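Let me begin by presenting the structure, written as structure tokens, before commenting on it.
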Amino acid sequence: MARGHKQRQRVAVIIPAKDESRRIAATVRSARAIPHVDLVLVVDDGSEDNTQHVAREAGAVVVRHSHNRGKAAAMETGAAVVAMRDAPDRPPRHLLFIDGDLADTAVNTAPLVAPVLDGIADLTIALLPPQPGAGGRGIVVGAARRAIASMTGWTPTQPLSGMRCLTREAFEAATPLARGWGVETGMTIDLLRLGFRVLEVPCELRHRPSGSDLKGQLHRAAQYRDVQLAVSARRARAAASSVRQTVAPRERPGR
């Protein structure tokens, strides 16, 4: 019975993308080769190049934001479109989120799928090998790692990794997603605190890293800001919940 359920379960790949016309075709073709994947969806988040047309020609279903709304919004749009395409008589597709610049290595996100299909994890996160040309010093990663550990008791290796596979139930539990670059940190905290199982899985992936130039530094500054906003919002939410539990009026005697 379990084996039959596994064979029936399908996976949708969702690729938030902005100005990825050079790499998106290779990413789409590679993602289509992942076992159990029957739908590859590209959410063009306000690109100014031909990302949407190149992705469609490569075999993806494409939806487009008329202007840039950010990664979290693209992920939510993608999940909503997949839900509309899920058949009512079949289990909802698992969701595999990948970056648009993985090119031919996108198929190497396949190891993320099996633990979710097998019921071992509700969310899997890709562990990437060192990326040539990466210019960061680990400040943002360290901040996200410490925040997740302090709020959940689990210490991730790569808390900012955007390659993730999760069940529809887990995705719905994590919404609304944290805005901007805080989406991964917020999702991890939310799901762990709700009791979902999270697992990191090594994947041989290559993408375009942020360098040490001004553009890379500005990107990391935005990441740091968004991670701190996501963490602060969750700390405030946890504190408010604790206060509500503490001051909740007790039942009157005799009631």
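The values are calculated or read from the model by the stated rules, or taken from the named source; none is laboratory data. It should be emphasised that the depicted structure is a prediction, and the values quoted were computed from it without experimental measurement. Cβ placement follows ideal geometry from the backbone for every residue including glycine, while neighbour counts extend to all protein chains displayed. These accessible areas exclude ligands, DNA and RNA; they are computed on the full protein's heavy atoms, side chains included. Shrake-Rupley method; radii C 1.70, N 1.55, O 1.52, S 1.80 Å.
Would you check if there is a residue in the range 95-105 being surrounded by 19 or more Cβ atoms within 10 Å (Cβ to Cβ) and polar (S, T, N, Q)? Please lay out each step first, then the result.
Kept after step one, since they are surrounded by 19 or more Cβ atoms within 10 Å (Cβ to Cβ), are these residues of the range 95-105: 95-103.
Still in the running and polar (S, T, N, Q): none.
No, the range 95-105 contains no residue that is surrounded by 19 or more Cβ atoms within 10 Å (Cβ to Cβ) and polar (S, T, N, Q).
Anything in the range 60-74 that is touching a residue at least 60 places away in the same chain (Cβ under 8 Å) and open to solvent by 10 Å² or more (accessible area, probe 1.4 Å)? List them, or say none.
Residues satisfying the conditions are GLY70, LYS71.
For the range 158-183, how many residues meet the condition of being under 11 Å from the mean Cα position of the chain (by Cα) and open to solvent by 30 Å² or more (accessible area, probe 1.4 Å)?
Adding up the residues that qualify gives 2.
Are there any pairs with C-beta distances below 6 angstrom linking a residue in the range 170-196 that is more than 19 Å from THR77 (Cα to Cα) to a residue that is outside any helix (DSSP H, G or I) and open to solvent by 30 Å² or more (accessible area, probe 1.4 Å), with the two at least 6 apart or on different chains, and if so which?
LEU192/TRP154
Here is a list: ARG64, ARG85. Which entry is among the basic types (Lys, Arg), more than 18 Å from LEU123 (Cα to Cα) and in contact with a Leu (Cβ under 8 Å, 6 or more places away or on another chain)? Working first, answer last.
Details: ARG64 fails: in contact with a Leu (Cβ under 8 Å, 6 or more places away or on another chain).
That would be ARG85, the only listed residue that is among the basic types (Lys, Arg), more than 18 Å from LEU123 (Cα to Cα) and in contact with a Leu (Cβ under 8 Å, 6 or more places away or on another chain).
Residue pairs, Cβ under 6 Å, 6 or more apart or interchain, first in the range 9-27 and under 13 Å from ILE98 (Cα atoms), second aromatic (Phe, Trp, Tyr). List them.
Within 6 Å, the pairs are ILE14/PHE97.
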